[in-house]
Amino acid sequence: MERIFTDRQTDIKDFLDRKVEEYNRLSFIENDPICIPHRFERKQDREIAAFFAAILAWGQRKTIINKCTELLARMDGAPFDFIRNHRETDLKSLLGFKHRTFNDTDLLYFVSFFRLHYERYNSLEDAFLPPSANPAFRAEYMEAYPVTADAEEVTSPTCLLGRLAQSRFDMEEGLIHFRNYFFSQADYPLRTRKHISSPAQNSACKRLNMFLRWMVRRDERGVDFGLWHRIAPFQLICPCDVHVERVARKLGLIQ
């Protein structure tokens, strides 16, 4: 850990800015699980590949990348087409897949969920929008009155209403809704529930929050995708697990 000097706030900002420069660059992601969705161009392929990469993000990065590569190869390298158009016999290619406690039973349910979801919606973003967010209103309003992500000031009634439309729910509510929606099929395997976390179970939801960052956050660096616009970057959560807490305490950000 680099030393924090006298002007503490300035030093912390400089330190964190240097870390952003170090890690938020395309050269870093070659050996990071986010390289998996970067292999695709279609929005839905990226959503599906990113979701699996986040859910399977246990252990060494090399192993995670290899297992994700194997999984997508079992889907003929076209996850969205496979999920939308597979026949029952095509699912045999998924049998035997395993990464730690995630196995083919879990995988088959994930595929079933994705198929049902994409029959109704064009994007996985809708799965994270709780009923209180009124997705139809949000999509229509934000298309008519877009609010840029980098806007520094809110100066007009249109901007104020736009921000209100964007922030009608927090991500904790969205994560709880997603888990309930994900397991809304009557025949879901009980064992699969452990792979989708929720704040309602006092989970930090680290992998889901990482996935959301990939989908929502956008800048000129090209690391995160910024595919979604009905969830705003300021709604994202950085889970405070034991490692984040340790660093935050060392930096004096929390006591």
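The values are calculated or read from the model by the stated rules, or taken from the named source; none is laboratory data. Treat the numbers as computed from the prediction; the structure is a model and nothing was measured. A quick note on method: Cβ atoms are made from the backbone with ideal geometry, for glycine too, and the neighbour counts reach across all protein chains shown.
So the values come out like this:
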{"item": "From Leu91, Leu116, residue being in a helix (DSSP H, G or I), out of contact with any Phe, Trp or Tyr (no Cβ under 9 Å at 6 or more places or on another chain) and surrounded by 15 or more Cβ atoms within 10 Å (Cβ to Cβ)", "result": "Leu91"}
{"item": "Residue among Glu47, Glu21 that is in contact (Cβ under 8 Å) with a residue 40 or more places away in the chain and either under 16 Å from the mean Cα position of the chain (by Cα) or assigned to a helix (DSSP H, G or I) (or both)", "result": "Glu47"}
{"item": "Restricting region 212-255 to residues that are surrounded by fewer than 17 Cβ atoms within 10 Å (Cβ to Cβ) and among the β-branched types (Val, Ile, Thr), the residue that is farthest from Ser27 (Cα to Cα)", "result": "Ile254"}
{"item": "Qualifying residue in region 200-207 (condition: surrounded by fewer than 16 Cβ atoms within 10 Å (Cβ to Cβ), among the aliphatic types (A, V, I, L, M), at pLDDT 90 or above and out of contact with any Ser or Thr (no Cβ under 7 Å at 6 or more places or on another chain))", "result": "yes"}
{"item": "Filtered residues of region 206-255 (kept if aliphatic (A, V, I, L, M) and farther than 17 Å from Glu173 by Cα)", "result": "Met215, Val223, Leu227, Val242, Val244, Val247, Ala248, Leu251, Leu253, Ile254"}
{"item": "Some residue of region 37-53 being touching a strand residue (DSSP E or B) at 6+ places or on another chain (Cβ under 9 Å) and not β-branched (Val, Ile, Thr)", "result": "no"}
{"item": "Where Ile237 falls short, out of the listed (1) over 21 Å from Phe128 (Cβ atoms); (2) among the β-branched types (Val, Ile, Thr); (3) under 20 Å from the mean Cα position of the chain (by Cα)", "result": "(1)"}
{"item": "Tally of residues being touching a residue at least 40 places away in the same chain (Cβ under 8 Å) and under 19 Å from the mean Cα position of the chain (by Cα) across region 110-121", "result": "4"}
{"item": "Leu253 being over 30 Å from Asp104 (Cα atoms) and either part of a loop (DSSP other than H, G, I, E, B) or touching a strand residue (DSSP E or B) at 6+ places or on another chain (Cβ under 7 Å) (or both)", "result": "yes"}
{"item": "Residues of region 194-218 that turn out to be part of a helix (DSSP H, G or I), in contact (Cβ under 8 Å) with a residue 40 or more places away in the chain, within 17 Å of Ile231 (Cβ to Cβ) and more than 10 Å from the chain's Cα centre (by Cα), as a count", "result": "0"}
